[in-house]
């Protein structure tokens, strides 16, 4: 049978507030255990939560970013369960009245096509602490630094159909939240974690199959692998006439498999009820308008503008608009050099290539956008060829200065002196009698191909510095 | 000194008739000598008391004393005190020493008042007789075979027996007003949100409110001035500025409309108690107030509503007592489940467990709509009853309790009979309104309280009505005969 995969994602996004969602403790990653836990975070008797206004602001920014309804009166609820790293015995979350309602979100697939993914809701909640099972000799250590860290849980509709779409969705989400600067999006540090709901159904069916939930997957690659694995697992069960059990599973990256969580790890009745220690969050038009007015251009808007304004293809626009820093870099290059297509090409191929190879972020790029624009200008004004430009770029990357400085210092300026070029052309023709013969015997079509040999020889002779256009013109004149 | 009102003690300290150290010693001596009879205190730290009193005397001498500087005040053991055990009447917190002060305690400390000690209470404020304390029951100073009421029974008994000039309490369903009534003192539960809940161990977050307990309305006003106000660290605390509750004392009652809910004068109210209340109302009428019969049609629903909402909130508020970070922890837990179950089995008393079970049940999937959600809907109706009433009257009056104090042990095996004790007080908590109890007579030597319920943030008016009543009556000046120095 042909199966269709149905995937919905729940993303836990850590908001980039300086302090926790209900206390004044810092949220810095990697601090000594329990040094960022106040009496509130420890749930000492009589302690009360106070809502972090910035967390609300960030949630609303996200809501506006996906065109969602903003909950005008959102309510915090208690989600009750016992666990040692949950100090109060309940997590403060939002259940019936989330701060962000239904929205949609455009994602870009590898082939350049786009899809619209529904977002069911997004709500604010606090993170739990961490249980440390190592180093305690059969006991468990508790680190409450993370307890109370603000999270935005973003729940998608079951609109995703395969691993690639799920990853594209996560990447687009990552791009959006880093554009908005509401999260650092650092997946390795747990700033963006993902629960995957996945089920299969016979192709063409509208009914949903029984789903499994894979908890806490924290990289794009693992999401992709976990989904592929889970599709295979469920398909095997269904093909054998079995039934998928609704359960929570863990993805084990080391073994590349999912397995059920112990039933103890899955609480069933959370006894949600409105948190009496907090007032409902009431949001008015004025607040929303002020935030909307301050929103930056978002990835989808930027992508569309890149296509229209610069004539880029969807794929190129998508890559360049992926992060605000990269998009800004690109636009600065365009401004400097005046040619968007060459700029797009250089940024994507040379620049991103170097950044990836050296594992450098765009923020730490040793070649500034202005400098790269300057280099491209030298290609456009025929001072150097594209090939030489790559050498110049290497040198710039190594810190040898601007394009002009490198060209000057290394004597790479293109030879456009017609006398010198003519001498080189003559020398090549004189030394290539058989090729000349072939060329002259060939028809028009074939000549176009054969001329490449002569150009190559001249370039070799000039150590790549001959002006290729002038060389072509000279050859056309001489090879008759 | 011990038989003086706070107002008189304030004047005495100001006029250097005695020092705070002398005053504090006087109460410490009485506590040491007499409290074995009442068991009203859980903790008294004499060294700390005398140090605070000494500091207060210096401040008075330096001429920068505040109103309550040097006044010893007893605090219900539900308020966290930095460096001093805060047990909440529970074995669970028997070893708990908070590293912080409740906002209320911080206010009194800033004022220079002296923390005289921490008073006994029903465990986690759950009870109406103070029999549910890990530290043993409290006796009513008017007759030590009687309960003092609860849950602020220790505070009420300490003030009544003149072991403290004034005390603080908390009131979730009547826990200030009912013991005040039983012990013949004055107590006010302010509007929900008037006094910060920060550092006050939570019972039912949407109902809990702290307030003063003292001999008179005037003394309550003096204390409330120090307690009330916005606390940015309590999201449910009101931003409305607190008033000077002493400023309006003595204002005329001419034209005051007092509503008498017919539901508060029906079956179940002890006849002799009813007579005391009627006499008190006549006194208020004589001072120019008009008595108006009103109705609170949903009164019959207050007990079931309260006994769903309060336990529901309590069941999750008490989840934090898990033996992991502080408080009681069972010996040698074999695993996490064992740690949780044995710690909570050993740490909580029977009534606390009963309410955790009821509350957990009320919030469970499948029961939530029928219980908790329904109770919240009824709560809105109860509140609306009061809103309607306050469009016709300024104050609502009635009995604080159905009758005077009952015998120790009389109802301790019958939770439903015990819950009925709060029938007239619960509604003010459900509606979030201020409520006060003032001594209004004696029935067979047992005090009876007149309850006054005010509109939101109308504490000043309530206190004035109480004050005017006490200008014309002497019930608040009666002292129990069991307490040396008492005159009945």
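The values are calculated or read from the model by the stated rules, or taken from the named source; none is laboratory data. It should be emphasised that the depicted structure is a prediction, and the values quoted were computed from it without experimental measurement. Note that each Cβ is placed from the backbone with ideal geometry, even for glycine, and that neighbours are counted across all protein chains shown.
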(message) Any residue that is buried (at least 19 other Cβ atoms within 10 Å of the Cβ), within 31 Å of the chain's Cα centre (by Cα), modelled with pLDDT under 90 and away from chain B (no Cβ under 14 Å) - is there at least one of those in the range A:230-245?
(response) no
(message) Given (1) farther than 25 Å from residue B:206 by Cβ; (2) within 13 Å of chain A (Cβ to nearest Cβ); (3) buried (at least 23 other Cβ atoms within 10 Å of the Cβ), identify the lone condition not met by residue B:405.
(response) (2)
(message) Can you say whether residue A:138 is at positive phi and within 14 Å of chain B (Cβ to nearest Cβ), as far as the supplied structure shows?
(response) yes
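For (1) modelled with pLDDT of 95 or more; (2) within 15 Å of the chain's Cα centre (by Cα); (3) buried (at least 21 other Cβ atoms within 10 Å of the Cβ), each residue gets a yes or a no:
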residue	(1), (2), (3)
A:152	yes, no, yes
A:156	yes, no, yes
A:181	yes, yes, no
A:189	no, no, no
A:203	no, no, no
A:215	no, no, no
(request) Look at the range A:65-79 and say how many of its residues are touching a strand residue (DSSP E or B) at 6+ places or on another chain (Cβ under 7 Å) and either part of a helix (DSSP H, G or I) or not assigned by TED's automatic domain parsing to the domain that holds residue A:282 (or both). (result) 0
(message) Need the failing condition index for residue A:298 against (1) within 13 Å of chain B (Cβ to nearest Cβ); (2) within 34 Å of the chain's Cα centre (by Cα), just the number.
(response) (1)
(request) Quick one: in the range B:344-364, of everything that is closer than 22 Å to residue A:79 by Cβ and buried (at least 21 other Cβ atoms within 10 Å of the Cβ), which residue is nearest to the other protein chains (Cβ to nearest Cβ)? (result) B:363
(message) Going residue by residue through the range A:99-115, is there one that turns out to be out of contact with any helix residue (DSSP H, G or I) (no Cβ under 8 Å at 6 or more places or on another chain), surrounded by fewer than 21 Cβ atoms within 10 Å (Cβ to Cβ) and either farther than 28 Å from residue A:316 by Cα or within 14 Å of chain B (Cβ to nearest Cβ) (or both)?
(response) yes
(request) Answer with yes or no whether residue A:46 is without any contact (Cβ under 8 Å) to a residue 40 or more places away in the chain, at positive phi and crowded, with 18+ Cβ neighbours inside 10 Å. (result) yes
(request) Run residue B:47 past the list (1) within 23 Å of the chain's Cα centre (by Cα); (2) assigned to a helix (DSSP H, G or I); (3) within 30 Å of residue B:202 (Cα to Cα) and report the number of the one that doesn't hold. (result) (1)
(message) Would you confirm, using the coordinates I've provided, whether residue A:252 is surrounded by 11 or more Cβ atoms within 10 Å (Cβ to Cβ) and either within 24 Å of the chain's Cα centre (by Cα) or closer than 29 Å to residue A:176 by Cα (or both)?
(response) yes
(message) For the range B:58-84, give me each residue that is more than 13 Å from chain A (Cβ to nearest Cβ) and farther than 25 Å from residue B:161 by Cα.
(response) B:58, B:59, B:60, B:61, B:62, B:63, B:64, B:65, B:66, B:83
(request) Out of the residues in the range B:227-241 that are surrounded by 21 or more Cβ atoms within 10 Å (Cβ to Cβ) and away from chain A (no Cβ under 14 Å), state the one that is farthest from residue B:114 (Cα to Cα). (result) B:228
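This table checks each residue for (1) at pLDDT 85 or above; (2) under 50 Å from the mean Cα position of the chain (by Cα); (3) under 30 Å from residue A:372 (Cβ atoms).
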| position | (1), (2), (3) |
| --- | --- |
| A:402 | yes, yes, yes |
| A:405 | yes, yes, yes |
| A:408 | yes, yes, yes |
| A:415 | no, yes, yes |
| A:418 | no, yes, no |
| A:426 | yes, no, no |
| A:431 | yes, no, no |
| A:438 | yes, no, no |
| A:449 | no, yes, no |
(request) Could you look through the range B:318-338, keep only residues that are farther than 17 Å from residue B:200 by Cβ and under 31 Å from the mean Cα position of the chain (by Cα), and pick out the one that is surrounded by the most Cβ atoms within 10 Å (Cβ to Cβ)? (result) B:322
(request) Considering each of A:316, A:254, A:322 in turn, give the residue that is assigned by TED's automatic domain parsing to the domain that holds residue A:56 and out of contact with any strand residue (DSSP E or B) (no Cβ under 6 Å at 6 or more places or on another chain). (result) A:254
(request) For residue B:324, work out the one condition from (1) in a helix (DSSP H, G or I); (2) closer than 26 Å to residue A:91 by Cβ; (3) without any contact (Cβ under 8 Å) to a residue 24 or more places away in the chain it doesn't fulfil. (result) (1)
(request) Name every residue in the range A:319-347 that is under 11 Å from residue A:370 (Cα atoms) and touching a helix residue (DSSP H, G or I) at 6+ places or on another chain (Cβ under 6 Å), in order of residue number. (result) A:329, A:330, A:332, A:333, A:334, A:336, A:337
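Conditions (1) within 14 Å of residue A:397 (Cα to Cα); (2) crowded, with 20+ Cβ neighbours inside 10 Å; (3) out of contact with any strand residue (DSSP E or B) (no Cβ under 9 Å at 6 or more places or on another chain), marked per residue:
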position	(1), (2), (3)
A:342	no, no, yes
A:346	yes, yes, yes
A:350	yes, no, yes
A:353	yes, no, yes
A:356	yes, no, yes
A:360	yes, no, yes
A:369	yes, yes, yes
(request) Mind checking which helices (runs of 4 or more DSSP H) fall wholly inside the range A:367-480 and carry at least 1 residues that are farther than 30 Å from residue A:336 by Cβ? (result) A:418-430, A:433-441, A:444-461, A:468-478
(request) Return yes or no: is residue B:367 outside any helix (DSSP H, G or I) and within 13 Å of another protein chain (Cβ to nearest Cβ)? (result) yes
(request) Please verify whether the range B:149-161 includes one or more residues that are farther than 19 Å from residue B:407 by Cα, at pLDDT 95 or above and either touching a helix residue (DSSP H, G or I) at 6+ places or on another chain (Cβ under 7 Å) or buried (at least 24 other Cβ atoms within 10 Å of the Cβ) (or both). (result) yes
(message) Which count do you get for residues in the range B:206-225 that are away from chain A (no Cβ under 14 Å) and either surrounded by fewer than 23 Cβ atoms within 10 Å (Cβ to Cβ) or modelled with pLDDT under 95 (or both)?
(response) 1
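Residues are listed down the side, and each one gets a yes or a no for (1) farther than 25 Å from residue B:196 by Cα; (2) touching a residue at least 40 places away in the same chain (Cβ under 8 Å); (3) away from chain A (no Cβ under 14 Å):
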residue: B:7; (1), (2), (3): no, yes, yes
residue: B:22; (1), (2), (3): yes, no, yes
residue: B:32; (1), (2), (3): yes, no, yes
residue: B:48; (1), (2), (3): no, yes, yes
residue: B:51; (1), (2), (3): yes, no, yes
residue: B:56; (1), (2), (3): no, yes, yes
residue: B:86; (1), (2), (3): no, yes, no
residue: B:89; (1), (2), (3): no, yes, no
residue: B:97; (1), (2), (3): no, no, no
(message) Criterion first (out of contact with any helix residue (DSSP H, G or I) (no Cβ under 9 Å at 6 or more places or on another chain) and in contact (Cβ under 8 Å) with a residue 60 or more places away in the chain) does residue A:296 satisfy it?
(response) no
